[in-house]
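Below is one structure, written out as structure tokens; the observations come after it.
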Amino acid sequence: MNRTSLLGFAAAIVLLVGVSGAGQSRSSTRAPRHDAGFQIVETSLADLRTALSGGRVTSHELVLRYLARIATHEHRLHAALAVNAHALEEADRLDRERAQGTLRGPLHGIPVALKDNIHTTSMPTTGGALAFAGYTPPYDATLTKNLIDAGAIIIAKTGLTELANWVAGAPTPMPGNFNAVGGFAFNPYDPRMDPREGTFDGRPALQTGGSSSGIGTAASFWAASVGTDTGGSVISPSNANMLVGIRPTIGRISRYGVIPITADHDTAGPMTRTVADAAIMLGALESAAPDPNDAATRTCTPPPGRDYTKFLRADALKGARIGIPRAFYYDRITLPGESAPQPSTAPDTTGSGRPERIEGRGGLNAEQSKVMADAIAVLKQQGATVVDPADIPSFVDKDPQNNFVFWDFCSGADQAKGQDATCSVNFKYGMKRDFNLWLKSLGPTAPLKTLTELRQWNITHIKAGAIRYGQSRLDISDEMDLEADRARNEADHEKDWRLSRVRGIDGALNAGVKLDAIMTPGGSGAGLAARAGYPIIVVPFGMVPNAPTPPFPSGFEAKPAPFGVGFTGTACSEPRLIEIAYAFEQATKRRVPPPGLSPN
């Protein structure tokens, strides 16, 4: 049992034991439980609210049931890095408020979890980095305050790839969902270790997705969770864990109090089991007015009352115009200068931290193609106009300088200074700029003062478990000169936006027949949306074989992998995307809970 399971399991047991002592005396005056058989597994936020308002269950009882579920299954999944030791006290307070007729908001008394790079003053915020183990920041993130104001109980901090997967790239990339504080986490749809000799280091056989953990939400350890996304880390893990994930427009949700990679691409977003739950969470996460600590929050205007549930229209696909970007996303392509498809990079759908290596550029295998053909058929059956193809202009541009597929972000030792002419420096530049600003915001409590100090600390604590896979991404970030390299960063960031926005998403949406959204397979659309800073929603839909290369050994029967669909739109188009995603979900209802876990 690694440190992740020990921390989560022990914290849950401590809380449960406390209930039989002092906790019991606090709850003894409470009315008897009205519905001892109330289910929490797969229960929606709306159903939890109804049960709470109707007296079928109290927030205290909800917390107990979620804690019991964590204690029962955490040793297999390693979903949590910390559990809130005050969760029952907070539940009792919210129960008293409810009894007095006071409701804070749409999440009153409902337990949710936060990725462990989001500040909470009730639990440590570590980013999974050993240097920050046990560190509790001096202030809550703005989004944390918003959730608390909406009545949420922050029950736990989820696992993640260390520092949102900006520690180790090439030559030894950090596997997805590994961090030095907790180790590896496991996908509830197949919670076993990878048995292959070349990757037998404890990593999961079925990838968990990007650096935000969707594991606990999929397994009903809590009602919903919040992830963060710089290059796909809300969408990829949501896809991998059969969840709905929303990566919103940059600025829709304040980033203040979130450990950064680069403010140019960072955002938080909800991860839930249904589109309706994601809509509720999005409204709770968004601030009513711009956050003075995050200028980007002026980008989008919230809907009245920050109520996204009014966009939950089951008939919203009727008359919708949805584009199918065939080139690269569905079909392999030959790029300029290539006489035939060559081994190259495709979008990261594995959560490995590096794109997959396949023959050709992009494309789907036969099983994935069938799933997407079924999804396109659903669109048509529901009355949508499907524009096929609706290719991304920068993906088919014949000039390599204007082709997005050629323009990845610099992410490993092989793209250090002097070797980075063909990649965007924005991630590595932003990490030094924004990480140092974040450390400064911690004031005198900061364990370290600069990115340089973190790198030095890691080197001196290798034997303690730091940087198991090296720290090449931190290295190439720290070598950036924030003054001398400013112009290069600005030029690269402008190119990022040009290829992902004007010649990217907007180019596809506005070419010929104006589109409401494009639909991409699985989590593959995450990278383009992230570079643009535009919204994307992934919805559960199908399952495909988990067949990595090299293959699993004979006798190891891999379980199938979740495979959803993504809907991407232009800036601030979350209301329309929620309509489309909800209508698609209601027409299909393909999410199934993870097998092999207890029903409650």
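The values are calculated or read from the model by the stated rules, or taken from the named source; none is laboratory data. Just so it is clear, the model here is predicted, and its values are computed rather than measured. Note that each Cβ is placed from the backbone with ideal geometry, even for glycine, and that neighbours are counted across all protein chains shown. Calculation scope for accessible area: heavy atoms of the full protein, side chains included, ligands and nucleic acids excluded. Shrake-Rupley method; radii C 1.70, N 1.55, O 1.52, S 1.80 Å.
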Residue among Ala571, Ala558, Ala487 that is free of Cβ contacts under 8 Å to residues at least 24 places away in the same chain and farther than 21 Å from Phe328 by Cβ: Ala487
Among the residues of region 93-104, are any buried (at least 23 other Cβ atoms within 10 Å of the Cβ) and modelled with pLDDT of 95 or more? yes
Answer yes or no as to whether Arg486 is within 28 Å of the chain's Cα centre (by Cα) and surrounded by 13 or more Cβ atoms within 10 Å (Cβ to Cβ). no
Within region 105-147, considering residues that are open to solvent by 10 Å² or more (accessible area, probe 1.4 Å) and free of Cβ contacts under 8 Å to residues at least 40 places away in the same chain, the one nearest to the chain's Cα centre (by Cα): Lys145
Being within 30 Å of Leu577 (Cα to Cα) and either out of contact with any Pro (no Cβ under 6 Å at 6 or more places or on another chain) or open to solvent by 50 Å² or more (accessible area, probe 1.4 Å) (or both) narrows it down to one of Val425, Val502, so name that one. Val502
Kindly indicate which of Met271, Met242, Met281 is outside any loop (DSSP other than H, G, I, E, B), within 30 Å of Leu364 (Cα to Cα) and in contact with a helix residue (DSSP H, G or I) (Cβ under 8 Å, 6 or more places away or on another chain). Met271
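Of all residues in region 579-600, which are out of contact with any strand residue (DSSP E or B) (no Cβ under 7 Å at 6 or more places or on another chain) and in a helix (DSSP H, G or I)?
Once the filter is applied, which keeps residues that are out of contact with any strand residue (DSSP E or B) (no Cβ under 7 Å at 6 or more places or on another chain) and in a helix (DSSP H, G or I), region 579-600 yields Glu579, Tyr582, Ala583, Gln586, Ala587.
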For region 175-195, does any single residue satisfy the condition of being open to solvent by 10 Å² or more (accessible area, probe 1.4 Å), of a type in the set (D, E, K, R), assigned to a loop (DSSP other than H, G, I, E, B) and at pLDDT 95 or above? yes
Of all residues in region 258-277 being over 21 Å from Thr120 (Cα atoms) and of a type outside the set (Lys, Arg), the one that is surrounded by the most Cβ atoms within 10 Å (Cβ to Cβ): Val275
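In region 17-70, what residues are outside any helix (DSSP H, G or I), of a type in the set (D, E, K, R) and at pLDDT 95 or above? Before the answer, list the steps.
If we filter region 17-70 for residues that are outside any helix (DSSP H, G or I), which is where we start, we get 21, 28-44, 54-58.
After this cut, where a residue has to be of a type in the set (D, E, K, R) as well, the list is 30, 33, 35, 42, 56.
Across region 17-70, the qualifying residues are Glu42, Arg56.
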How about region 517-556: which of its residues are surrounded by fewer than 19 Cβ atoms within 10 Å (Cβ to Cβ) and part of a strand (DSSP E or B)? Met543
State yes or no: is Thr228 under 12 Å from the mean Cα position of the chain (by Cα) and hydroxyl-bearing (Ser, Thr, Tyr)? yes
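Output the residue which, of all residues in region 563-576 that are outside any helix (DSSP H, G or I) and open to solvent by 10 Å² or more (accessible area, probe 1.4 Å), is farthest from Asn426 (Cα to Cα).
Just the residues of region 563-576 that are outside any helix (DSSP H, G or I), to begin with: 563-573.
Next, only the ones that are open to solvent by 10 Å² or more (accessible area, probe 1.4 Å) stay: 563, 570-573.
Working: Phe563: 30, Thr570: 21, Ala571: 20, Cys572: 23, Ser573: 25 Å.
For region 563-576, the residue satisfying everything is Phe563.
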If Val226 satisfies all but one of (1) more than 29 Å from Cys410 (Cβ to Cβ); (2) of a type outside the set (Lys, Arg); (3) out of contact with any Phe, Trp or Tyr (no Cβ under 9 Å at 6 or more places or on another chain), what's the number of the condition it fails? (1)
Considering every residue within region 86-104, establish whether at least one is hydroxyl-bearing (Ser, Thr, Tyr) and in contact with a strand residue (DSSP E or B) (Cβ under 6 Å, 6 or more places away or on another chain). no
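Are any of the residues in region 289-298 among the acidic types (Asp, Glu), modelled with pLDDT of 95 or more, open to solvent by less than 20 Å² (accessible area, probe 1.4 Å) and assigned to a loop (DSSP other than H, G, I, E, B)? Lay out the reasoning, then the answer.
Within region 289-298, the subset among the acidic types (Asp, Glu) is 291, 294.
Remaining after also requiring modelled with pLDDT of 95 or more: 291, 294.
Going one step further and asking which of them are open to solvent by less than 20 Å² (accessible area, probe 1.4 Å), we end up with 291, 294.
Of the ones still in play, those that are also assigned to a loop (DSSP other than H, G, I, E, B) are 291, 294.
Yes, region 289-298 contains at least one residue that is among the acidic types (Asp, Glu), modelled with pLDDT of 95 or more, open to solvent by less than 20 Å² (accessible area, probe 1.4 Å) and assigned to a loop (DSSP other than H, G, I, E, B).
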Please go through (1) open to solvent by less than 30 Å² (accessible area, probe 1.4 Å); (2) under 22 Å from Ala508 (Cα atoms); (3) at pLDDT below 75; (4) in contact with a helix residue (DSSP H, G or I) (Cβ under 6 Å, 6 or more places away or on another chain) for Ala346 and return the number of the only condition it doesn't satisfy. (4)
